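Worksheet for the structure shown next.
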Amino acid sequence: MRRRKSGHKRPFLALGTIAASTLALSGCGDQTPSETMFTSVDQCVTSGMDRQVCQAGYQDAMRAHLAAAPRFNGMAACEAEYGSGQCTEQSASAVPNNTGGGGSFFVPFLTGYMLSSALNNIGDYYNYRRRQEESGSYYGSTPIYRNRSGQTVTTTVRSGGGNDTSIAPSRQTVKPVNVNTRTVARQGFGGRSSFSFGG
Amino acid sequence: MKRITLPARPDWLDKARAVGFGFHEMYGEPYWLDDAAYTFTLDEIEMQIEGPSQELHDMCMDLVGDIVGSEEALDRLAIPEDLRDVVQRSWQRRDRHLYGRFDLAYDGTGPVKLLEYNADTPTSVFETAYFQFNWLTDQVALGSLPKDADQYNSLQESLVEAFEQFSKEPIFHFAAMTDNEEDRGTTVYLMDCAVQAGHRVELLDIREIGIDAQGRYTDLQDRVIDRCFKLYPWEFMLREPFARDLVRSGDVFVEPAWKAVLSNKGLLPLLWQRHPNHPNLLASYFADDPAASSLSDYVRKPLLSREGENVTIFRDGRELISAPGDYGDEGFIVQAYAPLFESDGGFAVLGSWIVGDRACGLAVREDRSRITANLSRFVPHVIVG
């Protein structure tokens, strides 16, 4: 049979429309939840996400946390990074697919999890998770930690499946994203006027 | 390649409205044609368009390293001297790129010819990937096209796949001139693809990008922007006030800064120099190159130009037609003239899409003028036979 040159399925729009207003997308409107970092299942549900998605996302984040939270040999080292009272001892036997033997180590508390704002129901969620797995990341939601200075940090969980999940990321792979700062100037780009900049 | 007419879908305007496709009319002129199409055979698509597009992209990628490593080449392309670091580092880091569109001339005979590479801010992506595909499935369902009619179009799934390759940890910001309906629609469509790949997204106007005391770009909530798609040309960004911070923070942008060397018409003479007489290339020279005088039918193009501005066509050494505009300060190239496919609809240019590093789709635009411009129309295509 001859090879089709078009995609396997009819394209769809996750946001529903390409006229989505700037306001709705930046969170001032009422349609699209822009805050998709949640500290709890309840907060996730309150923001309008599907309850099953919120629960599945939390469970996934917890599994990812157990497998790949930043690890420290001592409480002091962990607290130096994440702040006093923000760490706990974890038994190595709690790590999924653990092949590294017994003992224990110290990890920061899970302070939240991150989900895509396009997940309206559990069907979307499983679809999303399948895509993530295909692209090499193992879990459907990302665990969130807060470091000493309150910045949001995440770990990169990658897996080819199986044993890889028992390898915790080194501290170097943990980096703050979208940190809060103070803007000192705007309008430094976009000075040209034209009909359109696309070509 | 043929141009056919067929009945428009009776409800196509409602369908356009339902998905927010407001720029099916632009500047008071129809932009989307529902009652016409270009037809291709599978052979034409695979042998003349897909294959050569892949080869051209590979040739371009092969050339980037040489260009960014040569002061002479960067001079030729008018990359501002104090910002060459930005371009060079983005290439050395292999900053990930998303997409591009070749404009190709094809008159239905012989090999397609590369007119230019819109590798930085290509538009018509929503029309190609989404609306054109829906047109095909609707027309097949209506019986206006045969059941096995196909389209060279895996653009949307390729975009979703390409977005999956970017880290999902930071918010993926999208910046455009949001008061332009076409640019905003194009950008929101790409956001949609990013959402489907699992990203959190946020739209902002390119003018709303801020800067903090450390020279990091910021959004309206005073968060550092870690990754930002921009539908705004590098050649402008490199010459604007915030450019000074690109050396430190330029790695956040998609397309990356090294795309500035591919979306520049100076690429064309450099390609010709490297691959003389390649069947898909047109003889091209910088305007001050003595060899340029060997051409009598040629097109003069500014190094930096969009929407056909400041392009002049010469036949037998005489000016035939020219388009107005504000470009040209950086210099010109001349390129051998290649006839476009001509029909009742006018002159057609093929837009061949590259996503990531793969050729994956086709857009056809036609114009009454031989210089395809902002007012050209988008005509869907179909593979039959």
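The values are calculated or read from the model by the stated rules, or taken from the named source; none is laboratory data. Just so we're clear, the structure is a prediction, and the values are computed from it rather than from any experiment. For neighbour counting, all protein chains shown are included, and Cβ atoms are generated from backbone atoms with ideal geometry for every residue, glycine included. We work out accessible area using only protein heavy atoms, side chains counted, and drop any ligands, DNA or RNA first. Shrake-Rupley method; radii C 1.70, N 1.55, O 1.52, S 1.80 Å.
Out of region B:360-385, which residues are among the aliphatic types (A, V, I, L, M), farther than 15 Å from residue B:36 by Cα and open to solvent by 10 Å² or more (accessible area, probe 1.4 Å)?
B:371, B:373, B:375
Regarding region B:139-159, can at least one residue be identified that is under 25 Å from the mean Cα position of the chain (by Cα), surrounded by fewer than 22 Cβ atoms within 10 Å (Cβ to Cβ) and without any contact (Cβ under 8 Å) to a residue 60 or more places away in the chain?
yes
What's the total number of residues in region B:162-184 that are at pLDDT 95 or above and either open to solvent by 10 Å² or more (accessible area, probe 1.4 Å) or within 7 Å of chain A (Cβ to nearest Cβ) (or both)?
1
Please specify each residue of region B:96-124 satisfying the condition of being facing another protein chain (nearest Cβ under 9 Å) and touching a helix residue (DSSP H, G or I) at 6+ places or on another chain (Cβ under 6 Å).
B:120, B:123
Within 7 Å of chain A (Cβ to nearest Cβ), open to solvent by 10 Å² or more (accessible area, probe 1.4 Å) and touching a strand residue (DSSP E or B) at 6+ places or on another chain (Cβ under 9 Å): does that describe residue B:240?
no
Out of everything in region B:95-116 that is of a type in the set (Ser, Thr, Tyr) and not in a strand (DSSP E or B), what residue ends up being surrounded by the most Cβ atoms within 10 Å (Cβ to Cβ)?
Only one residue tops the list, namely B:106.
Which residues, counting only those in region B:203-232, are hydrophobic (A, V, I, L, M, F, W, C) and out of contact with any His (no Cβ under 9 Å at 6 or more places or on another chain)?
B:206, B:211, B:213, B:220, B:224, B:231
Mind telling me which of the residues B:81, B:25 ends up being in contact with a Phe, Trp or Tyr (Cβ under 8 Å, 6 or more places away or on another chain), modelled with pLDDT under 95 and open to solvent by 10 Å² or more (accessible area, probe 1.4 Å)?
Criteria check complete, one pass: B:25.
So which of B:17, B:3 is modelled with pLDDT under 95 and either buried (at least 19 other Cβ atoms within 10 Å of the Cβ) or not in a loop (DSSP other than H, G, I, E, B) (or both)?
None of the others qualify; the one that does is B:17.
Need at least 1 residues that are modelled with pLDDT under 80 and surrounded by fewer than 19 Cβ atoms within 10 Å (Cβ to Cβ) per element, so show me which helices (runs of 4 or more DSSP H) inside region A:4-76 make the cut, counting only ones lying wholly within it.
Fully inside region A:4-76 and qualifying: A:22-25, A:41-46.
Okay, residues lined up against (1) away from chain A (no Cβ under 13 Å); (2) within 21 Å of the chain's Cα centre (by Cα); (3) part of a helix (DSSP H, G or I); (4) not polar (S, T, N, Q):
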residue: B:211; (1), (2), (3), (4): no, no, no, yes
residue: B:221; (1), (2), (3), (4): no, no, no, no
residue: B:228; (1), (2), (3), (4): no, yes, no, yes
residue: B:248; (1), (2), (3), (4): yes, no, yes, yes
residue: B:258; (1), (2), (3), (4): yes, yes, yes, yes
residue: B:263; (1), (2), (3), (4): no, yes, no, no
residue: B:272; (1), (2), (3), (4): yes, yes, yes, yes
residue: B:276; (1), (2), (3), (4): yes, no, no, yes
residue: B:281; (1), (2), (3), (4): yes, yes, no, yes
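Looking at region B:120-131, can you tell me whether even one residue there is open to solvent by 30 Å² or more (accessible area, probe 1.4 Å), β-branched (Val, Ile, Thr) and at pLDDT 95 or above?
So far as region B:120-131 goes, no, none of its residues is open to solvent by 30 Å² or more (accessible area, probe 1.4 Å), β-branched (Val, Ile, Thr) and at pLDDT 95 or above.
Of everything in region B:189-204 that's open to solvent by less than 10 Å² (accessible area, probe 1.4 Å) and more than 14 Å from residue B:163 (Cα to Cα), which residue is farthest from the other protein chains (Cβ to nearest Cβ)?
Applying the filter and picking the extreme gives B:204.
So which of B:35, B:11 ends up being open to solvent by 40 Å² or more (accessible area, probe 1.4 Å), under 30 Å from residue A:15 (Cβ atoms) and in contact with a strand residue (DSSP E or B) (Cβ under 8 Å, 6 or more places away or on another chain)?
Every option except B:35 fails the conditions.
For region B:81-97, state whether one or more residues are farther than 30 Å from residue B:240 by Cβ and among the β-branched types (Val, Ile, Thr).
no
Looking at B:266, B:308, which is the one that is closer than 30 Å to residue B:98 by Cβ and in contact with a helix residue (DSSP H, G or I) (Cβ under 8 Å, 6 or more places away or on another chain)?
It is B:266.
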